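Peer 1: Questions regarding the structure given below will be posed in turn.
Just so it is clear, none of the values below were taken in a lab; they were calculated from the coordinates. Bear in mind the structure is a predicted one, so any value in this text is a computation, not a measurement. Heads up, the Cβs are rebuilt from the backbone with ideal geometry, glycines too, and the neighbour counts pull from every protein chain shown.
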Amino acid sequence: MTTTADTAEAPGAPARAPRRSRSGGSLGRYILIRFLLIFPTVFILVTMVFIFMRTIGDPITAALGGRLSAAQLQERIEAAGYDRPLIVQYVEYLGKIATGDFGTTLSDNQPVVDVLTRYGGATLELAFYALIVAFVVGIPLGMLAAWARDRWPDAVLRIFAILCYATPVFFAGLVLKLIFSVALGWLPVAGRASVRTTLELNRVDGATGIYLIDAARTSNPGAVYSDLLSHAVLPAIALGLLTAGVFLRLVRTNVIGTLSQDYVDAARSRGVSEFRLVRRHAYKPALIPIITVIGLQVAMLLGGAVLTETTFEWQGLGFELARYLTARDFVAVQGFVALLAVIVAVTNFVVDIIAALIDPRVRY
């Protein structure tokens, strides 16, 4: 006969972990849902870009108004199809984006996709450099601030973090240029590479546009890499510190929270030093939220890249976007913003997958 004693757990026995429901917790299902969410996210972002761009008028008048007569403007508007109902233009716009056609720029008559391809590598490189700076500065200093909690190093680092993400990127860039380029003369003041290096990279067969990759195929890769990195230091610091401040505060908060866990108290009772607790036991759990935040920081980096590239004349997407904004070329601007929206959505998808692989709790 079955009694309640058969199912009850013995006193002192460890509690059984709750059984995972069959409907949840599947990594495949989680990835599929996250992947499908990319499409409505991109659809909403692209729709918002279209609405905001077209509510201010047609792109022809915005770009060429005042330079052409009314008859010439009307002729170009009709030729481009901007005199049709907005809903018709919107459906056509979505159809072109689905096939990878982001239109043709009005100011220099280039396919937007070609412009994005040509300058995308530069922005990708800058974001890569900036993330390295953010990791190298933000994570160790965040651990140090947690270790020195409520002491003067902690206070100094918290102020430093606030200065990092509160200082405008263009101002930080100007200060760095004045100190390290103009006053000390240690680093180049602007540009992505010297003229000699640029010419050498342009001679590479099948160049990718990503200088870090193309440099390996030049005749003197050591000198090329040295020139590239010297040009990248200041833009990477200016943009990377923006994210480093966020990482510093986030790591500090999570490490302090981890240090109050029972297993850390047990290690502390065994005589493990505070520094070793932070370095060996607390920092790994504290890094998981960093991975989640990276997806959000990518959007911030791309936004900051516009100002950073303009400040340092780094000819990437941000530099070109500023140029097209000055020319009031809203077709190009629309294509740029739509692409950045797609990049942010895809990046968040990748980050979600990485976070799920590292920490299975995010799947529940």
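Peer 1: Gain in length, Ala299 to Arg158, computed as 0.36 nm per residue apart minus the alpha-carbon separation, to one decimal in nm?
Peer 2: Gain on extension, Ala299 to Arg158, equals 48.4 nm.
Peer 1: Right, next: For Asp101 and Leu229, what does the FRET efficiency come to when R0 = 56 Å and r is the distance between their Cβ atoms, rounded to the nearest 0.05?
Peer 2: 0.95
Peer 1: At a temperature of 4 °C and a viscosity of 1.567 mPa s, determine how fast region 186-225 diffuses translationally according to Stokes-Einstein, using the Kirkwood radius over alpha-carbon pairs as Rh; express D in µm²/s, rounded to the nearest whole number.
Peer 2: 124 µm²/s
Peer 1: While we're on this one: What ³J(HN,Hα) values, in whole Hz, does the Karplus curve 6.51 cos²θ - 1.76 cosθ + 1.60 give for region 96-108 when θ = phi - 60°, with x put for Gly and Pro?
Peer 2: For region 96-108, the Karplus curve yields 5, 4, 4, 9, x, 9, 9, x, 10, 5, 8, 6, 10 Hz.
Peer 1: Positive end of the dipole of region 75-119, charges at C-beta (+1 Lys, Arg; -1 Asp, Glu), about the Cα centre: which of Thr117, Ile77, Thr104 has its Cα farthest in that direction?
Peer 2: The Cα lying farthest towards the positive end belongs to Thr117.
Peer 1: Would you kindly give the portion of the calculated P(r) for region 208-364 that falls above 21 Å, as a percent of all Cα pairs?
Peer 2: The calculated P(r) of region 208-364 puts 64 percent of pairs beyond 21 Å.
Peer 1: Considering the Cα positions of the chain, please state its Rg to one decimal place and its Dmax as a whole number of Å.
Peer 2: Gyration radius and largest Cα-Cα distance of the chain: 26.2, 98 Å.
Peer 1: At q = 0.17 Å⁻¹, what log₁₀ I(q)/I(0) does region 76-164 have when each alpha carbon counts as one equal point scatterer in the Debye sum?
Peer 2: Per q value, in the given order, log10 I(q)/I(0) is -0.82.
Peer 1: Just grab the label-to-label distance for Met48 and Glu78, each label 7 Å out from Cα along the Cβ direction, in nm (one decimal).
Peer 2: 3.7 nm
Peer 1: Further question: Thr104's amide H: which non-local residues (gap 5+, or another chain) put their own amide H closer than 5 Å, with H modeled 1.01 Å from N in plane and none for Pro or chain starts?
Peer 2: Val112
Peer 1: If you don't mind, another one. So if each residue of separation counts as 0.36 nm, and I subtract the Cα-Cα distance between Leu36 and Ala266, what length gain in nm does that give?
Peer 2: Details: separation 230, 0.36 × 230 = 82.80 nm, distance 4.38 nm.
Full extension of this stretch gives 78.4 nm more.
Peer 1: What is the Å³ per residue value for the convex hull set by the Cα atoms of region 159-207?
Peer 2: Values: hull volume 5.6 nm³, N = 49.
Roughly 114 Å³ of hull volume per residue.
Peer 1: Taking the Cα atoms only, what angle lies between the long axis of helix 70-80 and the longest principal axis of the chain, rounded to 10 degrees?
Peer 2: 50 degrees
Peer 1: Using only alpha-carbon positions, what ratio does the radius of gyration of region 208-276 give when scaled by 2.2 N^0.38 Å?
Peer 2: Working: Rg = 21.3 Å, N = 69, 2.2 N^0.38 = 11.0 Å.
After normalising by residue count via 2.2 N^0.38 Å, the value is 1.94.
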